[in-house]
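Each reported figure results from applying straightforward, stated rules to the coordinates on display, with no laboratory input. A quick note: this is a predicted structure, and the numbers were derived from the prediction, not measured. A quick note on method: Cβ atoms are made from the backbone with ideal geometry, for glycine too, and the neighbour counts reach across all protein chains shown.
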Amino acid sequence: MKIAVSGKGGVGKTTLSSGLALLFAEEGRRVIAIDADPDANLAIALGATPEAAAACVPLVEEDELIEERTGAAPGKGGMFILNPDVSDVVDRCGVTFGGVTMLKMGTVERGGSGCMCSEGTFLKAFMRHLLVDRDDVAILDMEAGIEHLGRGTAEAVDVLIVVIEPGGRSVQTAHQVRRLATDLGITDVVAVANKVRDADDALFVRDALGDIPLLGTLPLSEAVRLADRDGRPSYGVDPDLDGSLHDIAAALAQRLDRSPH
């Protein structure tokens, strides 16, 4: 099961990503969670201390490993291997929180998302290995865009979830992300609405999404707000939220059972 989670900043991507990751790990599955958002805070949401979270080195900053596998030091240019061996990166670089193995991607600072450099090539090779070659549950906490997914890897994503709030601009982002995803070959794009207050919010979201399926909703939760403020996981602090996450996980399983992937 390969799940990418996208959406505007602050809508609750990490709440959903971490909640699903911890839920699946609780069920005994091997879960790999990828923090692909430059504003990385997935580790905290999985239960890491601030010190442990800060110690997680983004893959793009693993200079010695990148040079070892590509034959070129990051930022130096020159010739490098286009298909580096990344088969041990999860075991070598992953850190476990709450039963979930987590890695940070980081951002290639030069040349844009299409950077033909050793670090960009290393990240792309790792993403392909994670999505194509491994059988784990993989959950990718993305930014609003889907820059870490390129042709050759995006089509290996089983489903892209766009997290939205009950608001016009948030729903507009969902439609923009779906267009990008479709261009990359992702065939299943769904939405999850977060911070839903009542039936009117849910009805607004369903109508505004149009033909984008609404996979489920998460309630506006004071307990989740306090957990976020205190640097604690949101999973397990609110029975209503946990129930909604279980419903979303069940809807995902049902959806993927019908998928041709």
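Structure above, values below:
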item: Gain in span if fully extended, residue 169 to residue 204, counting 0.36 nm per residue against the direct Cα distance; result: 11.3 nm
item: Inter-probe distance in nm under a simple model that places probes 7 Å from Cα toward Cβ, at residue 49 and residue 222; result: 3.1 nm
item: Simple spin-label estimate for residue 92 and residue 61 in nanometres, 7 Å along Cα-Cβ; result: 1.8 nm
item: Listed residue pairs exceeding 20 Å between alpha carbons, taken from 13/104; 104/195; 8/124; result: 104/195; 8/124
item: Antiparallel DSSP beta bridges within the chain, percent to nearest 5; result: 10 percent
item: Among 248, 161, 81: highest mean-square fluctuation, GNM of the chain, C-alpha pairs under 10 Å; result: 81
item: Candidates 99, 210, 71: whichever shows maximal mean-square fluctuation once the chain is modelled as a Gaussian network with Cα springs under 10 Å; result: 210
item: Translational diffusion of the stretch 2-257, µm² s⁻¹ [Kirkwood Rh, Cα pairs; Stokes-Einstein; 37 °C; 0.692 mPa s]; result: 177 µm²/s
item: Projected label distance in nm at residue 257 and residue 211, using a 7 Å step from Cα toward the beta-carbon; result: 2.7 nm
item: Value at 222 nm in deg cm²/dmol, rounded to 500, when DSSP H runs of n ≥ 4 in the chain each add -39,500 (n - 2.57); result: -11500 deg cm²/dmol
item: Extension reserve of the residue 232-residue 155 stretch, reckoned as 0.36 nm per residue once the Cα distance is removed; result: 24.4 nm
item: Sequence ranges 118-124, 153-159, ranked by mean other-Cβ count within 10 angstrom, highest first; result: 118-124, 153-159
